[in-house]
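K.L.:
First, the structure itself, so that you have it in front of you.
No value in this document is a laboratory result; all are computed from the given coordinates. Since the model is a prediction, treat every value here as computed from it, not as a measurement. Heads up, the Cβs are rebuilt from the backbone with ideal geometry, glycines too, and the neighbour counts pull from every protein chain shown.
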Amino acid sequence: MLQKTAILILSAASPLFAQNFLDPLFVTATRSDRTASAAPYTTGYLDSNFLREHSTRTIPDAMQYIPGVLVQKTAHGHGSPFIRGFTGRQNLLLVDGVRVNNSTFRGGPVQYWNTVDPLAIDHIEVIKSQGSVLYGSDAVGGTVNTFTKSSGFRDETAGQAYIGGSAYYEYRANGDGSHIGRLETETGVGGKFGILLGLSAKDYGDIEDSAVGRMHNTGYPEQDYDLRFDWAVSPESTITFATHYVNQDDISRWHRTLDNPGWTDGSHVAAPGKWTENTYDQERSMTYLRYAGENPQANAPVKRWSATLSFQTTDDSEFQNRFPDNLATNSGVLRGSSINVQTTGIDLVLESPVGPGSLVYGFDFYHDAVDSSGYRSNALGGPRAESLPVADDSEYDLFGVYSQYIFKPTDRFELTAGARYTYAEASLGRFAGGGGESRNWDDTVGSLRGIYSLSDCWSVYGGISQAFRAPNLDDLTGNLSAKSGAPVIGDPDVNPEKYITYELGARRQTEATSLNLAVFYTAADELIVSSFTDPTLKTSIASNAGDGYVYGVELEGAWRFHPQWTLSGFAAWQEGQTESATFVGGPVEEKPNTRQLPLSGSVALRWNDVSGKFWVEGRILAANHEDRISEVDQAADNQRIPTGGTPGYVVASLRAGWHARENLDLTCGIENLSDESYRIHGSGQNEAGLSGIFGVKVSW
């Protein structure tokens, strides 16, 4: 363990390496173009080359390279990043700036982050502890904006037609083997318009590791497509039409099923599964129309604008066969549920020069129309009793208006101040506890951030940001299973959660080095937590019974010590507590936050050939033993969290690439070189053991 800890302490930020020491433009930080070094926030940036070279399977998998993020995987097809201690509906996921979070997101880890195809992504921007001023409810731990690929027609020769494309194939040798492919084509006229079409197909096989062996039914199929059309209305403005679709079938919550034999690592024992089956099907689509541009005139009242109309559909269905676990009662052994959400969104962003600075302002509105169905029956599939996962025939509205002002009182100091007013309303349809009622909430939050340049390469930044989360339909009417299968129900009387984050950071940026150190503290008030209904600890209900905090430190850096050699890495650690009652009416206790990030980090060494045709990278990912767990959480989630906590691990990988020809790129990698049996804290299955990964990309 001392060796593992030493490796973590010596680690210093690999996401910075993905930028190749450049200073990329960030849109998400301020809703206007800013460089990463100028942002008064802690940021992360991953581009498509990094995702491909590291064979990134899902968006949550990509997040493991961002310090301060714990990537919990309830299933091989489900992943939910814990950003600075918060996950699921307490982080905000965007696609091209359009809100993906909807009113049915569950508490704790959610599966929806896996419904964004990483093969369709151009780059990812991560802003930690941003607060709710710019993007509204849910932006507590972090805001993650995934930007999809486009045709790049403005970079082509003006007035000339062009056509191109690529084909990508990847094979993963672990377990049953996995096959991943993508076809991409683009065409248009340079400077006038461009079209990009992408098709992805994935057949993930069952994974295996050295201790558990083949983890049967962890594999699943996926089909995706994306289409984007950009048209230059003028040299400075563009109309964009884009649509994306992701379909995943038969994703097993393996830890609950009889396929899970349990796992033993020394004194740490994870319990086996008890159900015959627990599978999910997921479909998500997004379509948007956007008009965006800039006014080049120096004194223009509106310098920049973006207006977006979006429509999304989400279909999420689950089937549970609890036999033989519920054989004694023969009640509710079979259970099925389905949630369909249709979301319409409007978003307007304007930027105007005002006095000595710039004002970014606008509004956004999202409307959810929700239908749900569900049943439970006995082991023979007899008469079905209705069991709705959330209130059927419900609506949810979220409206916000905001402004943020950026100005420089001095040449070295920049100040950012903003505020948002939000109104949320839930119209509840049928659910087990009633129906036909409405609830609404409103709130105003603010943010004050600053960055000061100490020199040409050193700066300090920090500030205070408020965040909030309005109760959603799952908080109010949810009726689902959590952890190892215990029922969790909502409460129509819960109120919004409120947060405030204090952050201080220091950053160094030169042509050969990049370094960032940040510390943060987030206080949470009126947390919506699940308290058991009685001391039997069988059923829990949502309530505003929690107050808590989380604080942590993050270090990341990169050093190009030779034109061909780069050393990079990161380290992070967090601590947090929540005050809440274990059961309704019971005494309030201070307990560790669930799934806290242990001391974790990575270190990587990369060599690039002078010709630019070859590269080789070795990397170590590591985490310390995590045992900050309450006895109740341990007992309720013993299939995912072993007794005594989750063991630490050190995992090494080796990757290489060859730009064989102008239109041919080859990559290969060996993951988990030591074939270590390990599990990311809070996850439902072990990670894959020794695995070879081979990729080929052909362009034309």
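K.L.:
So if we plug the beta-carbon distance of THR187 and LEU673 into 1/(1 + (r/R0)^6) with R0 = 60 Å, what FRET efficiency do we get, rounded to 0.05? If you can, show how the numbers build up before the last one.
P.N.:
Working: r = 43 Å, r/R0 = 0.71.
After rounding, the FRET efficiency stands at 0.90.
K.L.:
Separate question: Could you sort 512-521, 70-79 so that the peptide with the highest average Cβ count within 10 Å comes first and the rest follow in order?
P.N.:
Result, highest mean first: 70-79, 512-521.
K.L.:
Would you tally the net charge around LEU197, using a Cβ to Cβ cut-off of less than 10 Å, leaving LEU197 out, and scoring K and R as +1, D and E as -1?
P.N.:
So the surrounding residues net to -2.
K.L.:
Mind scanning LYS73/LYS538; LYS73/LYS697; LYS274/LYS591; LYS408/LYS498; LYS149/LYS303; LYS202/LYS697 and naming the pairs with a C-alpha gap bigger than 21 Å?
P.N.:
Those over the limit are LYS73/LYS538; LYS73/LYS697; LYS274/LYS591; LYS408/LYS498; LYS149/LYS303.
K.L.:
In square nanometres and to one decimal, what's the mean projected area of the convex hull around the Cα atoms of the stretch 2-699?
P.N.:
Over all viewing directions, the stretch 2-699 projects a mean Cα-hull area of 29.0 nm².
K.L.:
Give me Rg/Rg_expected for the stretch 284-339, where Rg uses Cα atoms only and Rg_expected = 2.2 N^0.38 Å with N residues.
P.N.:
2.50
K.L.:
Starting from the exponent 0.38 and prefactor 2.2 Å, build the expected Rg for the stretch 378-434 from its residue count and divide its actual Cα Rg by it.
P.N.:
2.34
K.L.:
Follow-up question, since we're still on this one. FRET efficiency for LEU25 and LEU327, Cβ-Cβ distance as r, R0 = 45 Å, nearest 0.05?
P.N.:
So the FRET efficiency works out to roughly 0.15.
K.L.:
Give the distance, in whole Å, between the Cα centre of the stretch 148-223 and the Cα centre of the stretch 302-363.
P.N.:
For the stretch 148-223 versus the stretch 302-363, the Cα centre distance is 24 Å.
K.L.:
Among the aspartates and glutamates, select those whose C-alpha is under 13 Å from the C-alpha of LYS483, and discard any that sit fewer than 8 residues away in the same chain.
P.N.:
ASP633, ASP637
K.L.:
For SER630 paired with VAL302, estimate the spin-label separation in nm (one decimal), with each label point 7 Å from Cα along the Cα-to-Cβ line.
P.N.:
That separation, rounded to one decimal, is 5.0 nm.
K.L.:
So what's the net charge close to GLN342: Lys and Arg +1, Asp and Glu -1, counting the other residues with Cβ under 11 Å from its Cβ?
P.N.:
-4
K.L.:
Rounded to the nearest 500 deg cm²/dmol, what is the calculated helix-only ellipticity per residue at 222 nm for the chain, with -39500 (n - 2.57) per DSSP H run of length n ≥ 4?
P.N.:
-1000 deg cm²/dmol
K.L.:
How do 664-676, 201-213 rank on mean C-beta neighbours within 10 Å, highest first?
P.N.:
Put in order of decreasing packing, that is 201-213, 664-676.
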